[in-house]
Amino acid sequence: GPLEEVSLPLYFGWFLLSSIQDKIKCTSMDFLKTLDTLEAFKKHLIDFSGKAEEVDLEQYFQPTGILHCTTKFCNYGKAEGAKEYAEKQAVKDSYGSIFDLSLGALFVTPRTFGARVSLTEEQLQLWPADADAEKQVESVPAAASLPLGSRAHVTLGCAEGVEPVQTGIDLLEILTLQQEGQQGEQVEEMELGTLTYYGTGKWLLNLREPISAPACFSSFYG
Ligand code: 2AM
């Protein structure tokens with residue numbers, strides 16, 4: 001019946017509690033404010049915006065709503081493996097529970113702005129292993145050899161016209177470069193951590209102190 005058709009959400013994920021949302025928004029805006037004033041960033045502006053003109057990163061990235069870490073994109077049941085995921089025992093058992101997510105890095109590309117999430121063994125139980133999201137990214141074939149859960153992230157903003165799904169793909173691209181042994185160019189010790197440039201507009205800030213973010217495992221219907 002019609003009820004059954006809408007019984008699967010747009011996606012499952014961890015939704016950050018509101019107190020930590022505010023803190024992360026502040027921290028990430030501070031980071032953007034500093035990043036676009038750095039000489040190293042200005043040097044690579046061409047990669048970033050196609051022009052040598054300055055960009056205001058705080059304006060460049062549009063917020064994308066409630067901060068969350070998607071575990072499984074179900075597309076109301078149309079995505080592959082959606083039903084199987086929703087029926088997993090771990091998913092049912094954890095639904096509505098609070099988890100502590102660890103945000104270890106911030107990254108910026110010309111398309112997206114995100115935070116990398118390092119999942120614990122317990123949290124990986126909620127990561128789709130079968131229809132492994134990482135392995136479906138055709139544009140980053142090497143991502144298939146990254147550890148499970150590498151894609152886990154919180155989207156903090158997207159450039160105009162860019163869909164949030166791109167954030168995970170951008171993260172996988174950076175992690176793939178790291179895995180292939182690219183050291184990147186360590187450009188700056190910032191208060192928040194070490195900033196590294198991976199070429200073609202890809203920036204990664206490894207946080208000195210990972211941000212611990214309480215988050216509720218739930219789903220979004222929209
Ligand atoms: P995000 O997880 O990078 O933010 C609704 O569109 C949510 O589902 C967004 O949070 C989005 O990206 C995520 N999403 C959309 N399409 C997806 C896909 N094909 N695979 C994984 N996540 C997707």
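Any read-out appearing in this document is the output of simple, stated calculations on the displayed coordinates, not a laboratory observation. As the structure is a prediction and not an experimental result, all values here were calculated from the model. As a convention, Cβ positions derive from the backbone with ideal geometry for all residues, glycine included, and neighbour counts pool all protein chains shown.
A few comments on the model shown:
- Scattering curve values for the stretch 18-121, log₁₀ I(q)/I(0), Debye with Cα scatterers, q = 0.10, 0.13, 0.15, 0.18 Å⁻¹: -0.43, -0.67, -0.81, -0.99
- Compared with the alpha-carbon gap, the fully stretched path from Ala90 to Cys216 is longer by 43.9 nm at 0.36 nm per residue.
- Under the combined filter of DSSP loop state and at most 11 neighbouring Cβ atoms within 10 Å, the stretch 56-137 retains these trypsin sites (Lys or Arg not before Pro): Lys78.
- Across the options Leu204, Leu32, Thr71, the greatest Cα extent toward the positive end of the charge dipole of the chain (unit charges at beta carbon of Lys, Arg, Asp, Glu) belongs to Thr71.
- With the largest listed first and rounded to whole Å, the semi-axes of the equivalent ellipsoid of the stretch 43-84 from the Cα gyration tensor are 36, 13, 8.
- Note on the chain: the C-alpha convex hull projects to 12.3 nm² when averaged across all orientations.
- A quarter of the convex hull surface defined by the alpha-carbon atoms of the stretch 70-111 gives 4.7 nm² as the mean projection.
- Translational diffusion of the stretch 13-57, µm² s⁻¹ [Kirkwood Rh, Cα pairs; Stokes-Einstein; 4 °C; 1.567 mPa s]: 106
- Size descriptor, Kirkwood hydrodynamic radius, that averages inverse alpha-carbon separations across the stretch 136-177, Å: 10.8
- Sorted by Cβ density within 10 Å, fewest first, the residues Ser102, Ser18, Ser145: Ser18, Ser145, Ser102
- Residue-averaged [θ]222 nm for the chain, counting only DSSP H segments that reach four residues, each worth -39500 (n - 2.57): -8000 deg cm²/dmol
- Cα centre as origin, Lys/Arg/Asp/Glu Cβ charges: the stretch 1-117 dipole, Debye: 140
- Cα radius of gyration and Dmax for the stretch 61-130 (Å): 13.9, 39
- Check: the stretch 75-182 dipole with +1 on Lys, Arg Cβ and -1 on Asp, Glu Cβ, in debye: 140
- Within the chain, the longest run free of GluC sites (Glu not before Pro) that sit in a DSSP loop with at most 10 other Cβ atoms within 10 Å is 54-137.
- Kirkwood hydrodynamic radius of the stretch 148-222, from the reciprocal of the average inverse Cα-Cα distance over all distinct pairs: 14.4 Å.
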